[in-house]
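*Asks:* Before anything else, here's the structure in question.
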């Protein structure tokens, strides 16, 4: 089995190296006005570069010294020299004429390139920088916007730190290098297989380059965690005296069954992103769901195979000594191991503390999460642009210079598309439309209209008074669209509002509109799945409510840090701004699946103890005694892995990494380890209530291992009893 996975990894890895790369991330937002307008532009302006092209660009921004104007002879000559010098080079497509602000203090010129920013050579970048220095030496303040000189997103180092921390947690948890290495090895193989498959299918399925990052993040996290649960259960069964193959079977039959259902909840949450209707989100969700499925398969097949390669080395040193001793020492070691396994530990002591004061602890945890969630009510969605970069970057300084010289709205102009096919005089109708739009409160200016070859469709830009992420800009777009029927009736045209600013606003509204249906679908499906697992109505309901608490608290923390700037410097956030509009729904999907992970692993052990005859309160203590340490280790591993992505260069990945790390912290330690035992204690036997008619309908699964326990009841015997156990069926 190990060789099979190595062959699969090698084959897919080799194919991925020769496969065609996938396309760039798409900004398509079907079902929105901005996308409909973009499609109309593509149809009516075939071959025209009306969207800015796909090549790199550099916007050179000039600011005159105090008391001077750029129209002065010397300054004008310097600007012309800089633009001419920057426009030379093998990769340069063209250099635009400088445009000067009304007060003469600021000007800009755009340099376009034939290749993408990541394909620009060092020589091209150095030529651009040399031309800028020419103007700076002449006394002008010059900054370069665009993406030509922008630092490309980087990462990798902090992710490695996260993996190292996870390895330390595993070593402390298991006390064995082999046991600590197995989850890491299996997770890395699973991630390698998943990412290689994504790269192989990227061109065929149109998967963008953005799909692999989230798959890597989740594949590492769940791959390690799922292996941890199986290895931990294997060690527990070995400590109880079971033989290696029998212990592996029990581990996969119990913890492995929990892995299957936990993985399904994660897949439901990720695949459910397709209901939003944004292609990029659908791709990201399905790719990450595929990575999780691979992690589940690896946990069920490769992990037990690895256990078979080192059945003794994976055990703690004390257990290995007992296994190597003589017969009577073996019996003594097994009795001592069973005592160690069942004796009270920190998990059971914590459970008893919660059971002594369930109502106060429950209220304290719920109120605490609610308070942390309060900033989420002030969330401001948008797209991070140059305004969100630190002032140490040229892109941010160029953005500020343009805003100061041309107005705040200059950095986010609205593109107006006018369909004049039904007008008697298209040019006059378009002029009338532009005049009405220019008269709208909040519009500073409109540009001259540009017609297509047929003369029936026009484009022009409208510059708003306010910045792209300002709420007043959102209101302005709504006003323009609300006034459209009257303008269309008066001019005989139909106009649409599009562009980057309108597209970001439409995307944000579409995500918010899809959030409630999305939650309904994924929570509903997972509720049914958990009812099948736990044979209960109240336990899945409690799990869903706990998830809402943890995800709202995580969103509140994200808003406080990335939008308000609280403690932002501690995690390297140099500039606050709006939250990426797709981030909340992506985080909701991931947090939901992971929250159900911990619910399944923790409550399954409680349910197992209850089905084996313990009363509800004792079952809680027993469940925590066996699972709390492993759940804590799994949570710390996930926090370490997700925190590693906080150092990523892309704002979206940085925000997701922080949000996921804080969400796991809240969900594992506050919701599952605190609210769950308190709620179960207050519910008592009612927690496991299921209507008879529903009990007859739902399929029966056995993740508690009742059947397996019966089949292996004789496994604690040794000597002759061991031989008899191999040939005698269990009663």
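*Asks:* Residue by residue through segment 355-407, note down the ones that are in a loop (DSSP other than H, G, I, E, B), within 18 Å of residue 500 (Cβ to Cβ) and touching a helix residue (DSSP H, G or I) at 6+ places or on another chain (Cβ under 8 Å). Explain how you work it out, then say what you get.
*Replies:* First, the residues of segment 355-407 that are in a loop (DSSP other than H, G, I, E, B): 357, 379-380, 383-385, 389-393, 407.
Adding the requirement that they be within 18 Å of residue 500 (Cβ to Cβ) leaves 380, 383-385, 389, 407.
Listed by number, the residues that qualify are 380, 383, 384, 385, 389.
*Asks:* Could you tell me whether segment 508-516 includes any residue that is in contact with a strand residue (DSSP E or B) (Cβ under 6 Å, 6 or more places away or on another chain) and within 30 Å of residue 455 (Cα to Cα)?
*Replies:* We begin by selecting, within segment 508-516, every residue in contact with a strand residue (DSSP E or B) (Cβ under 6 Å, 6 or more places away or on another chain); these are 508.
Of the ones still in play, those that are also within 30 Å of residue 455 (Cα to Cα) are none.
No: segment 508-516 contains no residue that is in contact with a strand residue (DSSP E or B) (Cβ under 6 Å, 6 or more places away or on another chain) and within 30 Å of residue 455 (Cα to Cα).
*Asks:* Considering each of 457, 440, 466, 461 in turn, give the residue that is in contact (Cβ under 8 Å) with a residue 40 or more places away in the chain and surrounded by 20 or more Cβ atoms within 10 Å (Cβ to Cβ). Walk me through how you get there before you give the answer.
*Replies:* Values: 440 fails: surrounded by 20 or more Cβ atoms within 10 Å (Cβ to Cβ); 466 fails: surrounded by 20 or more Cβ atoms within 10 Å (Cβ to Cβ); 461 fails: surrounded by 20 or more Cβ atoms within 10 Å (Cβ to Cβ).
Checking each option against the conditions leaves just 457.
*Asks:* I want to confirm something. Restricting to segment 638-690 and keeping residues that are at pLDDT below 85 and either in a loop (DSSP other than H, G, I, E, B) or not assigned by TED's automatic domain parsing to the domain that holds residue 598 (or both), which single residue is surrounded by the fewest Cβ atoms within 10 Å (Cβ to Cβ)?
*Replies:* 649
*Asks:* Looking only at residues in segment 86-102 that are at pLDDT 90 or above and in contact with a helix residue (DSSP H, G or I) (Cβ under 7 Å, 6 or more places away or on another chain), which one is farthest from residue 398 (Cα to Cα)?
*Replies:* 91
*Asks:* If you don't mind, there's one more thing I want to ask. Quick check on this structure: which one of 623, 644, 613, 657 is under 24 Å from residue 676 (Cα atoms) and touching a helix residue (DSSP H, G or I) at 6+ places or on another chain (Cβ under 7 Å)? Outline the logic, then answer.
*Replies:* On the way: 644 fails: under 24 Å from residue 676 (Cα atoms); 613 fails: touching a helix residue (DSSP H, G or I) at 6+ places or on another chain (Cβ under 7 Å); 657 fails: under 24 Å from residue 676 (Cα atoms).
The conditions single out 623.
*Asks:* Let me ask something else. Right, residue 254: touching a residue at least 60 places away in the same chain (Cβ under 8 Å), farther than 28 Å from residue 178 by Cβ, crowded, with 24+ Cβ neighbours inside 10 Å and in the same structural domain as residue 173 (by TED's automatic domain parsing) or not? If you could, list the steps in order and put the result at the bottom.
*Replies:* Details: touching a residue at least 60 places away in the same chain (Cβ under 8 Å): yes; farther than 28 Å from residue 178 by Cβ: no; crowded, with 24+ Cβ neighbours inside 10 Å: yes; in the same structural domain as residue 173 (by TED's automatic domain parsing): yes.
It is false that residue 254 is touching a residue at least 60 places away in the same chain (Cβ under 8 Å), farther than 28 Å from residue 178 by Cβ, crowded, with 24+ Cβ neighbours inside 10 Å and in the same structural domain as residue 173 (by TED's automatic domain parsing).
*Asks:* Then there's this: For residue 621, are the conditions met, namely being assigned to a helix (DSSP H, G or I), in the same structural domain as residue 554 (by TED's automatic domain parsing) and within 30 Å of residue 287 (Cβ to Cβ)?
*Replies:* Details: assigned to a helix (DSSP H, G or I): yes; in the same structural domain as residue 554 (by TED's automatic domain parsing): yes; within 30 Å of residue 287 (Cβ to Cβ): no.
Considered against the rule, which asks whether it is assigned to a helix (DSSP H, G or I), in the same structural domain as residue 554 (by TED's automatic domain parsing) and within 30 Å of residue 287 (Cβ to Cβ), residue 621 comes out as no.
*Asks:* Then there's this: Could you count how many residues in segment 524-540 are within 23 Å of residue 370 (Cα to Cα) and crowded, with 20+ Cβ neighbours inside 10 Å?
*Replies:* Summing the residues that are within 23 Å of residue 370 (Cα to Cα) and crowded, with 20+ Cβ neighbours inside 10 Å in segment 524-540 gives 2.
Here's the yes/no breakdown for (1) surrounded by 23 or more Cβ atoms within 10 Å (Cβ to Cβ); (2) part of a loop (DSSP other than H, G, I, E, B):
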position	(1), (2)
542	no, no
569	no, no
589	yes, no
605	yes, no
613	no, yes
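*Asks:* Among the residues that make up segment 7-19, is at least one of them in a loop (DSSP other than H, G, I, E, B), modelled with pLDDT under 90 and closer than 23 Å to residue 211 by Cβ? Step through it out loud before you land on a result.
*Replies:* Pass one, segment 7-19, residues in a loop (DSSP other than H, G, I, E, B): 19.
The next check asks that each one be modelled with pLDDT under 90; those that pass are 19.
Going one step further and asking which of them are closer than 23 Å to residue 211 by Cβ, we end up with 19.
Taking every residue of segment 7-19 in turn, at least one turns out to be in a loop (DSSP other than H, G, I, E, B), modelled with pLDDT under 90 and closer than 23 Å to residue 211 by Cβ.
*Asks:* Scanning for something in a helix (DSSP H, G or I), at pLDDT 85 or above and within 21 Å of residue 637 (Cβ to Cβ), does segment 314-335 turn up at least one residue? If you could, list the steps in order and put the result at the bottom.
*Replies:* Keep residues of segment 314-335 that are in a helix (DSSP H, G or I), which gives 317-323, 327-335.
From the residues that got through so far, the ones that are at pLDDT 85 or above too are none.
No, because not a single residue in segment 314-335 is in a helix (DSSP H, G or I), at pLDDT 85 or above and within 21 Å of residue 637 (Cβ to Cβ).
*Asks:* Scan segment 399-436 for residues that are under 39 Å from the mean Cα position of the chain (by Cα), within 11 Å of residue 491 (Cβ to Cβ) and either without any contact (Cβ under 8 Å) to a residue 60 or more places away in the chain or surrounded by fewer than 17 Cβ atoms within 10 Å (Cβ to Cβ) (or both) and report the count.
*Replies:* Qualifying residue count for the region: 0.
*Asks:* Kindly indicate whether residue 440 is in contact with a helix residue (DSSP H, G or I) (Cβ under 8 Å, 6 or more places away or on another chain), closer than 28 Å to residue 509 by Cα, assigned to a loop (DSSP other than H, G, I, E, B) and not assigned by TED's automatic domain parsing to the domain that holds residue 662.
*Replies:* On the way: in contact with a helix residue (DSSP H, G or I) (Cβ under 8 Å, 6 or more places away or on another chain): yes; closer than 28 Å to residue 509 by Cα: yes; assigned to a loop (DSSP other than H, G, I, E, B): yes; not assigned by TED's automatic domain parsing to the domain that holds residue 662: yes.
The answer is yes for residue 440.
*Asks:* Given the residues 203, 196, 176, which is the only one that is farther than 15 Å from residue 638 by Cα and touching a helix residue (DSSP H, G or I) at 6+ places or on another chain (Cβ under 6 Å)? Lay out the reasoning, then the answer.
*Replies:* Working: 203 fails: touching a helix residue (DSSP H, G or I) at 6+ places or on another chain (Cβ under 6 Å); 176 fails: touching a helix residue (DSSP H, G or I) at 6+ places or on another chain (Cβ under 6 Å).
Checking each option against the conditions leaves just 196.
*Asks:* Residue under question is residue 580, and the condition is that it be assigned by TED's automatic domain parsing to the domain that holds residue 174 and either crowded, with 24+ Cβ neighbours inside 10 Å or under 26 Å from residue 536 (Cβ atoms) (or both); does it hold?
*Replies:* On the way: assigned by TED's automatic domain parsing to the domain that holds residue 174: yes; either crowded, with 24+ Cβ neighbours inside 10 Å or under 26 Å from residue 536 (Cβ atoms) (or both): yes.
Considered against the rule, which asks whether it is assigned by TED's automatic domain parsing to the domain that holds residue 174 and either crowded, with 24+ Cβ neighbours inside 10 Å or under 26 Å from residue 536 (Cβ atoms) (or both), residue 580 comes out as yes.
*Asks:* Among (1) crowded, with 18+ Cβ neighbours inside 10 Å; (2) at positive phi, there is one condition residue 67 misses while meeting the rest; what is its number?
*Replies:* (1)
*Asks:* Report the residue count in segment 540-565 for those that are over 20 Å from residue 664 (Cβ atoms) and touching a helix residue (DSSP H, G or I) at 6+ places or on another chain (Cβ under 6 Å).
*Replies:* Just the residues of segment 540-565 that are over 20 Å from residue 664 (Cβ atoms), to begin with: 540-541, 563-565.
Now drop any that are not touching a helix residue (DSSP H, G or I) at 6+ places or on another chain (Cβ under 6 Å), which leaves 540.
Going through segment 540-565 one residue at a time, the tally reaches 1.
*Asks:* Can you name the residue in segment 476-504 that is out of contact with any strand residue (DSSP E or B) (no Cβ under 8 Å at 6 or more places or on another chain) and under 15 Å from residue 35 (Cα atoms) and, of all such residues, is surrounded by the fewest Cβ atoms within 10 Å (Cβ to Cβ)?
*Replies:* At the first step, the residues of segment 476-504 found to be out of contact with any strand residue (DSSP E or B) (no Cβ under 8 Å at 6 or more places or on another chain) are 478-479, 482-483, 485-486, 489-492, 500, 503.
Narrowing the set further to residues that are under 15 Å from residue 35 (Cα atoms) leaves 500, 503.
Values: 500: 19, 503: 22.
Filtering segment 476-504 for residues that are out of contact with any strand residue (DSSP E or B) (no Cβ under 8 Å at 6 or more places or on another chain) and under 15 Å from residue 35 (Cα atoms), the one surrounded by the fewest Cβ atoms within 10 Å (Cβ to Cβ) comes out as 500.
*Asks:* Residues in segment 469-482: is at least one assigned to a helix (DSSP H, G or I), within 21 Å of residue 410 (Cα to Cα) and modelled with pLDDT under 90?
*Replies:* In the first step, residues of segment 469-482 are kept if they are assigned to a helix (DSSP H, G or I); the result is 471-482.
Next, only the ones that are within 21 Å of residue 410 (Cα to Cα) stay: 471-481.
Next, from what is left, pick out any that are modelled with pLDDT under 90: 471.
The answer is yes, given that some residue of segment 469-482 is assigned to a helix (DSSP H, G or I), within 21 Å of residue 410 (Cα to Cα) and modelled with pLDDT under 90.
The values are calculated or read from the model by the stated rules, or taken from the named source; none is laboratory data. As the structure is a prediction and not an experimental result, all values here were calculated from the model. Neighbour counts are summed over all protein chains in view; Cβ atoms, including those assigned to glycine, are modelled from backbone coordinates with ideal geometry.
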